[in-house]
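Read-outs throughout are calculated quantities, based only on the coordinates presented, and are distinct from any laboratory measurement. Nothing here was measured: the structure is a model prediction, and the numbers come from that model. Reconstructed Cβ throughout: ideal geometry from the backbone, glycine too, with neighbour counts over all protein chains shown.
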């Protein structure tokens, strides 16, 4: 499959934040969010076999499959099954527009799914049926740019009551205080988290 980059770093987002992880970033995305920080993964890359990817990962327990949109790649499901069979803990970062119904129900598979808020320009592309498929071990993420985004995210939680962990993060991953204060004032059952890799290494690739 076409891979943009593979590297070892700390997980920078979500409930596994800070955990040493190998990242496998596939090429291609079916969305074009206004604030996307990985547009370089929309094209290019190199062909890598499942065996090559598994060899690169080596003994690192945690693996994050990301993009782009990793679930656009048919080979990704084969890679997921292989990694789970070899004892890895796998997280799949998906943008919310592709069905997750065919992903295996496995205790070591974490689905990290976005719902794109209005500022992204991609809200109308969401596959809303996915919300009922998320499990308590998974996570639902909202990237929030402004009051309209926050109100939208809050409304999604009120209407759908997803049975999963919820993470709010500001666009850019750094300006946490306004978002944190809103979540606390409204009593939302959600984590407010930064993008840790940007705090440590700045706005760079492959970290």
Item to check | the stretch 153-207 - Rg over Rh from alpha carbon coordinates, Kirkwood radius | outcome: 1.05
Item to check | Alpha-carbon Rg with Dmax, taken over the stretch 1-113, Å | outcome: 13.0, 38
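Considering Cα pairs under 8 angstrom that are at least six residues apart, work out the relative contact order of the chain and quote it in whole percent.
Values: 399 pairs, mean separation 38.7, N = 207.
Value for the chain: 19 percent.
If you rank 152, 168, 7, 142 by fewest surrounding Cβ atoms within 10 Å, what's the result? If you can, show how the numbers build up before the last one.
Numbers: 152 18, 168 25, 7 13, 142 22.
So the residues, fewest neighbours to most, are 7, 152, 142, 168.
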Next on the checklist: Give me 5, 147 sorted ascending by neighbouring Cβ count inside 10 Å, so fewest comes first.
Outcome noted: 147, 5
Checklist outcome for this item: As a percent rounded to 5, the proportion of antiparallel DSSP bridges among beta bridges in the chain is 25
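Quickly estimate the mean residue ellipticity at 222 nm for the chain, helices only: each DSSP H run with n ≥ 4 gives -39500 (n - 2.57), and the total goes over all residues, rounded to 500. Can you show the working numbers first?
Numbers: 5 runs with 49 residues, N = 207.
Helix contribution divided over all residues of the chain: -7000 deg cm²/dmol.
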Next on the checklist: Could you tell me how far the Cα centroid of the stretch 46-84 sits from the Cα centroid of the stretch 110-129, in Å?
Outcome noted: 23
Item to check | Packing-based exposure ordering (other Cβ within 10 Å, fewest first) of 94, 123 | outcome: 123, 94
Checklist outcome for this item: Sorted on mean Cβ neighbours within 10 Å (highest first), peptides 84-91, 110-117 come out as 110-117, 84-91
Checklist entry - Using a Gaussian network model of the chain with C-alpha springs under 10 Å, which one of 158, 93, 69 is most mobile by mean-square fluctuation? => result 158
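Kindly give the semi-axes, whole Å and largest first, of the ellipsoid equivalent to the chain, taking each as the square root of 5 times a Cα gyration tensor eigenvalue. Kindly include the intermediate steps, with their values, before the conclusion.
Working: eigenvalues 142, 66, 55 Å².
Semi-axes from the Cα gyration tensor: 27, 18, 17 Å.
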